[in-house]
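Below is one structure, written out as structure tokens; comments come after it.
The values are calculated or read from the model by the stated rules, or taken from the named source; none is laboratory data. Please read all numbers here as calculations on a predicted model, not as lab measurements. Cβ placement follows ideal geometry from the backbone for every residue including glycine, while neighbour counts extend to all protein chains displayed.
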Amino acid sequence: MRKTTSEDSTSAEPVGESDKRYPFVPYRVEKLSEEERRSRGEAFFAEMDRRRSVRGFSSREVPRELIELAIRTASTAPSGAHRQPWRFVAISDPEVKRQIRIAAEKEERISYEGGRMPPEWLEALLPIGTSWRKPYLETVPWIVVAFEELYGFNPDGSKRKNYYVKESIGLACGLFIASLHRMGLATLTHTPSPMKFLSHILGRPKNEKPVILFPIGFPAEDATVPDLLRKPLEEVSIWDPQPEPEGD
Ligand SMILES: Cc1cc2nc3c(=O)[nH]c(=O)nc-3n(C[C@H](O)[C@H](O)[C@H](O)COP(=O)(O)O)c2cc1C
């Protein structure tokens, strides 16, 4: 195998008919010293490591502009064929939040107490201390529901395929959460399943499917979170693995 050095470079020539291609523009990353790179990485890790899912919120207002910023940040995510198959639906109307709470608690109660969740799942949730009750859905100033766009439409109204929708929306939601955290806001990745009630309450079309509901605001004064540990690097990474020897 050819040994690579940090000075090696490859340039990818764009392919495809030029009138169908985007115009191509130069791209450069910020010039930083090794030390700056490391300290930025460490600072970002430390900041993200402080992020926690919050289930107790205050009703303190959050300006709409901050929610817009988080959605714009989410929308910078990479996506299959750049289809950006996501819609972020933002709700501040107390009546709609009330409807969402009622519907979410109805579904969650069936899941937790009506036998829809298998015992193994309920057991996995025990350390986190969740229940079917979701009062925070009415307390928070904002709820944002991320919808995946299963398919889009061509100008003539025919269906237009989207690609890697699950992966794309997952990436967008990750950036959304990171942005909220960076702005000093709190959220919860919430999936009150089945989530179909959200399409109905929020009047979303058939080509959109709700995937995650984010209550957003400030933690309650007395908010607590489970003191959980994150897996260490050794457990979540494998470095330069060798292929298995053939014939074993
Ligand atoms: C896809 C997904 C769905 C989740 N659904 C719920 C949920 O419905 N209710 C809840 O309280 N937490 C939910 N969580 C939050 C997890 O419990 C939480 O991320 C995990 O316990 C780790 O805690 P942390 O986010 O504070 O690091 C969900 C997380 C993910 C990634």
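A few remarks follow.
- A single entry from Arg160, Arg116, Arg109 fulfils the requirement of being touching a Phe, Trp or Tyr at 6+ places or on another chain (Cβ under 8 Å) and more than 22 Å from Ile91 (Cβ to Cβ): Arg160.
- Top-ranked residue in region 34-67 [being surrounded by fewer than 16 Cβ atoms within 10 Å (Cβ to Cβ) and either under 15 Å from the mean Cα position of the chain (by Cα) or β-branched (Val, Ile, Thr) (or both); ranked as farthest from the ligand (Cβ to nearest atom)]: Met48
- Here Arg116 clears all of (1) part of a loop (DSSP other than H, G, I, E, B); (2) charged (D, E, K, R); (3) surrounded by fewer than 12 Cβ atoms within 10 Å (Cβ to Cβ) except the condition numbered (3).
- Region 169-194, subset farther than 15 Å from Ile71 by Cβ and either surrounded by fewer than 19 Cβ atoms within 10 Å (Cβ to Cβ) or away from the ligand (no atom under 13 Å from the Cβ) (or both), residue modelled with the lowest pLDDT: Ser193
- Only a single item in (1) under 14 Å from the mean Cα position of the chain (by Cα); (2) surrounded by 20 or more Cβ atoms within 10 Å (Cβ to Cβ); (3) within 13 Å of the ligand (Cβ to nearest atom) is not met by Lys166, and it is number (2).
- Elements of type helices (runs of 4 or more DSSP H) in region 128-233, at least 1 residues being touching a strand residue (DSSP E or B) at 6+ places or on another chain (Cβ under 6 Å) and closer than 27 Å to Ala43 by Cβ: 165-182
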